[in-house]
1. Looking for whichever is within 12 Å of chain A (Cβ to nearest Cβ), without any contact (Cβ under 8 Å) to a residue 12 or more places away in the chain, hydroxyl-bearing (Ser, Thr, Tyr) and exposed (fewer than 12 other Cβ atoms within 10 Å of the Cβ) here; the options are B:Ser95, B:Ser100. Which one fits?
2. Has segment B:75-85 got any residue that is away from chain A (no Cβ under 11 Å), loosely packed, with under 15 Cβ neighbours inside 10 Å and not in a helix (DSSP H, G or I)?
3. Output yes when any residue across segment B:126-134 is modelled with pLDDT under 85 and of a type in the set (Lys, Arg), and no when none is.
4. Within the set of pairs 6 or more residues apart or between chains, which connect a residue that is closer than 29 Å to A:Leu103 by Cα inside segment A:148-173 to a residue that is exposed (fewer than 15 other Cβ atoms within 10 Å of the Cβ) and not charged (D, E, K, R) with Cβ atoms less than 9 Å apart?
5. Please pick out the residue among B:Val49, B:Val38 that is farther than 28 Å from A:Glu101 by Cβ, β-branched (Val, Ile, Thr) and within 14 Å of chain A (Cβ to nearest Cβ).
6. If a residue must be surrounded by 15 or more Cβ atoms within 10 Å (Cβ to Cβ) and within 8 Å of chain A (Cβ to nearest Cβ), how many such residues does segment B:104-127 contain?
7. So which of B:Val37, B:Val25, B:Val49, B:Val56 ends up being among the aliphatic types (A, V, I, L, M) and over 25 Å from B:Thr216 (Cα atoms)?
8. Suppose we filter segment B:216-226 for residues that are surrounded by 24 or more Cβ atoms within 10 Å (Cβ to Cβ) and touching a residue at least 60 places away in the same chain (Cβ under 8 Å); how many remain?
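The values are calculated or read from the model by the stated rules, or taken from the named source; none is laboratory data. Because the structure is a prediction, the values reported are computed rather than measured. Glycine gets a Cβ as well: all are built from the backbone with ideal geometry, and neighbour counts include every protein chain shown.
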Amino acid sequence: MASRRDKRDKWASRAVQAGFLVALALAWYLATTRWGVSHLLLPNPLRVLQQLGDILRSGEFVGDLRITLTELAAAFAISATSGVTVGYLLSRSPYLVRVFEPLLAGVYAVPIILFLPLYVLFFGLGPASKIALGATISFFPIVLNTLAGFAHVERTFVAAARSMGASDYHLFRYVLLPAALPVILTGLRMGFTVALLSIIGSETIASLAGLGHRIVNLAESMEMPRMFAYIAFVVVIAALLNTIVSTIEARWTRER
Amino acid sequence: MSAVPAIRRTLLRHPGWARLGVVVVLLCLWEIAARFVVDPMFLSPPSRVFASLGAVLGTQGVPAALRITFFELAVAFVLSVVIGLVIGLSVGLQSFARRSTMPIILLLYGMPQITILPLFILFFGIGAASKIAFGVSHGVFPIVLAIVAGVQNIKPILLTSARSMGASRWHVLRYVIFPHMIPSFFAGMRLGMTGVLLGVLLAELYVSTAGIGHFTTQFTQNFDPTRLLGLISILAAMAIVLNEIVRRAEVRFGRWHSS
């Protein structure tokens, strides 16, 4: 009985979700065709779809996408290597953890996007400033999680491994790393997400190229349907990337 | 001769002093780099930045810009809390509502909102309204999620026993659900404050007529790193103070049932 009701509830909630999305699309369509909402504020969804098709078919997006993804890859490579390395080295000494953890957490609490004008001043409007900002912002969740992962391994495990004669390498490979990996992976996922967001964000605010730049350009030239199409495109790309990263995280964590 | 071990011992016993030492060393490195290595067009030493704080605050329009930004942050935060509380309670208290709407909320939360920043400007103009709206769009989701999680974590036995003792719906809400929600509510407020800060500052930096974004752009374009750093330090201090207030509140109100 209970399971049948659960199943019915599940279908009902799915129906509510689908209904919500349909209603939203319908309201959007009616707002632009019947209710006289200005086309400059809300373009007709059909035209947005048409523009999206055009963007995908013409391959116009490739250049901007490549720039944004290159920036993301560079920023994440820098922050992942430096974050994990620094986190591991600091975690080796409880004293250093106590000195540096509050310091890093304190900086993490400041909205680092504030320093964007400074980065633009240093690195110019090109990709370098985006890479630097993305690397800085994503460094903190990665280093903090690595630190937490390695520093809070159960003491008994370490002592037991040592007493059974584990070498430094064995201790790292079979005790510390497996215990810390899930936490580190969470940090890496968080770092990846914020790196993506901050790169698109800094492209939006000040840049020469990239997906964020394209959206702003279209907004400023009032090409609303095309801008909406690009927004949809970026949202899908971001969702895709986040799904990939979350899947990797889940798989590695489970395999342990 | 005995001073060195004594210092060593003090540092080992009080990591706080060592932390302060790290900050001082970093400031010294910055000072040296800015004075002797880096072009003064791009970086200025912390001593000069500190000395220029008065000049920054004396710049025509900067105090007003800081006031505007603070006002935007405050309004966006209050709106986020109110909207988040209403949505969180109405979604979280009913299991069907939660199951049907939570995926939609998570979907919206997972969207990179920065992509629709130009839309916010188009809808709400380049004044304070767009910053507040963008701040709310960043701040409201963590609060909703925290409240839903808080409501969900109440042990069913508490609700059942309250009801079996004859509590009305309002009494259950007032004496069981609200007190249990408080820790997660404050945790949500802290995350919401982080989001609001991010949203408002992003929108400010993107386009601004009288807020701080206007001045960061101006100082950047004039290659005036001293005043730029001064302004950024003031804003960072503002952010730290706001964060600290909600964090203290979280620690204070989150304590009672943490056992």
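1. Unique residue meeting the criteria: B:Ser95.
2. As a first pass, look at segment B:75-85 and keep what is away from chain A (no Cβ under 11 Å): B:75-85.
With loosely packed, with under 15 Cβ neighbours inside 10 Å added as a condition, the list becomes B:78, B:82.
Of the ones still in play, those that are also not in a helix (DSSP H, G or I) are none.
Scanning segment B:75-85, I find no residue that is away from chain A (no Cβ under 11 Å), loosely packed, with under 15 Cβ neighbours inside 10 Å and not in a helix (DSSP H, G or I), so the answer is no.
3. Applying the first criterion (modelled with pLDDT under 85) to segment B:126-134 yields B:126-127.
Subsequent filtering for residues that are of a type in the set (Lys, Arg) retains none.
Looking through segment B:126-134, none of the residues is modelled with pLDDT under 85 and of a type in the set (Lys, Arg).
4. A:Ala151/A:Pro94
5. Details: B:Val49 fails: farther than 28 Å from A:Glu101 by Cβ.
Being farther than 28 Å from A:Glu101 by Cβ, β-branched (Val, Ile, Thr) and within 14 Å of chain A (Cβ to nearest Cβ) holds for just one of B:Val49, B:Val38, which is B:Val38.
6. So the count comes out to 12.
7. Details: B:Val37 fails: over 25 Å from B:Thr216 (Cα atoms); B:Val49 fails: over 25 Å from B:Thr216 (Cα atoms); B:Val56 fails: over 25 Å from B:Thr216 (Cα atoms).
Step by step, each of B:Val37, B:Val25, B:Val49, B:Val56 is checked, and only B:Val25 is among the aliphatic types (A, V, I, L, M) and over 25 Å from B:Thr216 (Cα atoms).
8. Looking only at that region, the number is 1.
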